[in-house]
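Data first, discussion second: the structure below is written as structure tokens.
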Amino acid sequence: MQHIQKGLLLSLCLLLAACSSRYDESHGGSWRGYSETGYASYYADRYHGKKTASGERYRNNLNSAAHMTLPFGAMVRVTNLANGKSVVVKVNDRGAFKNGRIIDLSKSAFSSIGNIRDGIIQVKVEVL
């Protein structure tokens, strides 16, 4: 019974985190200039055409991304730390939900800065 309660609590916390954008006053009311480093992955083909958390449809050929806290519509530069290549994406979904990942990119965005076969890459994320 205790495992079920912990699982329900964890699920509720994840749901609440996925449905909100954190406002951080240390940014002076703006996310511009915010940056973080971590790992990026990309959406599987099965999500093409499905609705994102913002209500937009995911398109694997557009440069979009999922982030846990950045506001919908935020424009973000994602730079592959291994090769210096970067891409600008629009945040329109919530994620990445795998441990250690900070952003999920559309397939198009990911392939413009890294090799799809790698699956994940180390990146720097900067809000423009």
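The values are calculated or read from the model by the stated rules, or taken from the named source; none is laboratory data. Keep in mind that this is a model prediction, so the values were computed, not measured. Cβ coordinates were reconstructed from backbone atoms using ideal geometry, including for glycine residues, and neighbour counts include every protein chain displayed. The accessibility values were calculated without ligands, DNA or RNA, using every heavy atom of the protein model including side chains. Shrake-Rupley method; radii C 1.70, N 1.55, O 1.52, S 1.80 Å.
Give me the accessible area per residue for the range 38-128, probe 1.4 Å, as a whole number in Å².
50 Å²
Whole-Hz ³J(HN,Hα) for each residue in the range 92-97, computed from phi via Karplus 6.51 cos²θ - 1.76 cosθ + 1.60 with θ = phi - 60°, x for glycine and proline: what do you get?
Once rounded to whole Hz, the list reads 9, 8, 9, x, 7, 9.
May I have the convex hull volume per residue, in Å³, for the Cα set of the range 26-91?
Enclosed volume per residue, from the Cα hull, is 105 Å³.
Given the range 67-128 reduced to its alpha-carbon atoms as identical point scatterers, what log10 I(q)/I(0) does the Debye formula return at q = 0.13, 0.14 Å⁻¹?
-0.29, -0.34
Cross-link candidates for LYS90: which lysines have Cα within less than 22 Å, leaving aside residues fewer than 8 places away along the same chain?
Cross-link targets: LYS50, LYS51, LYS98, LYS107, LYS124.
Which listed residue (ASN99, ILE116, GLY84) has the Cα farthest towards the positive end of the charge dipole for the range 54-127, taking +1 on Lys and Arg C-beta and -1 on Asp and Glu C-beta about the Cα centre?
ILE116
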